Amino acid sequence: MNRPIFFLLLSLFFATIPLCAHADLNGFLGDLNRRATASPAEYHTSLSNQFGVPQPQVDSLMRSVATPSDAFMVLQLGKMTNKPHDQILRTYNANRGKGWGVIAQEMGIKPGSQEFHALKDGRFSLTGKPGHPSHGDRPNKHDHKKRDFDEADYGKIKDKKKGYYQDR
C-alpha cells in the first residue's frame, strides 16, 4: 500500500475514535451535539422515537434548551425519574449552569446510585429505537460489590462449593 494513503487512513481512524467512545458525560454530550449539528432532522426524530415524545413536543423542547444534548438529558432524566419532561425542564431552567449532576439530585437521583453513576460516566445511548434502554448499557465501573444473589433468590443461600442456591 502506498505510504501516504496508509497514513491518511490511519489518521482518519484515530480521528473517528472520539466519535465512537467517550469517557464521561461531557464526552457523550459533545458527541450528541455534533450529531445534532450534522443532521438536525434525524436527531429530532431519534429523540421522538426513543423517548416516545411527539415530534412537536421535541421541537418545542429543542427551542427551550441551550444545546441539543440538553434536550436529550431532559428526556433522559424524565425517563430515569418517571417524571414528565416539562418538570425536568423547569428544574433545568432553575439550575442552568450548575451541571446535570445537580439537576439529577434535584429530581431525586441520589449520589452513589446506579443512575447517578450512569449519568456521571455518560453511559447513555441515542439509538432512535422506540423503548430502547438509553442508559446502563455498559457495566458500571463504580460497582465494586458483586452480588451473590438477586431478589428471586432471597431466602436462599449459595452453596459456594456446589455453585448453586439452596433453600435455607
**OP:** List every residue pair whose Cβ atoms lie under 9 Å apart, where the two residues are 6 or more positions apart in sequence or sit on different chains, the first residue falls within the stretch 37-57 and is outside any helix (DSSP H, G or I), and the second residue, located anywhere, is open to solvent by 60 Å² or more (accessible area, probe 1.4 Å) and among the small types (Gly, Ala, Ser).
**Re:** Gly52/Gly131
**OP:** Identify all residues within the stretch 24-34 that are open to solvent by 40 Å² or more (accessible area, probe 1.4 Å), at pLDDT below 95 and in contact with a helix residue (DSSP H, G or I) (Cβ under 8 Å, 6 or more places away or on another chain); write none if there are none.
**Re:** Asp24
**OP:** Could you tell me whether the stretch 123-137 includes any residue that is out of contact with any strand residue (DSSP E or B) (no Cβ under 7 Å at 6 or more places or on another chain), in a helix (DSSP H, G or I) and either among the acidic types (Asp, Glu) or modelled with pLDDT under 90 (or both)?
**Re:** no
Subject >> Per-region count, the stretch 43-99, residues of a type in the set (S, T, N, Q), open to solvent by less than 40 Å² (accessible area, probe 1.4 Å) and within 19 Å of the chain's Cα centre (by Cα) >> reply: 7
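The values are calculated or read from the model by the stated rules, or taken from the named source; none is laboratory data. Everything quoted here is computed from the prediction, not taken from an experiment. Virtual Cβ from ideal backbone geometry, glycine too; neighbours counted across all protein chains shown. Keep in mind that these areas ignore ligands, DNA and RNA; they rest on the heavy atoms of the full protein, side chains included. Shrake-Rupley method; radii C 1.70, N 1.55, O 1.52, S 1.80 Å.
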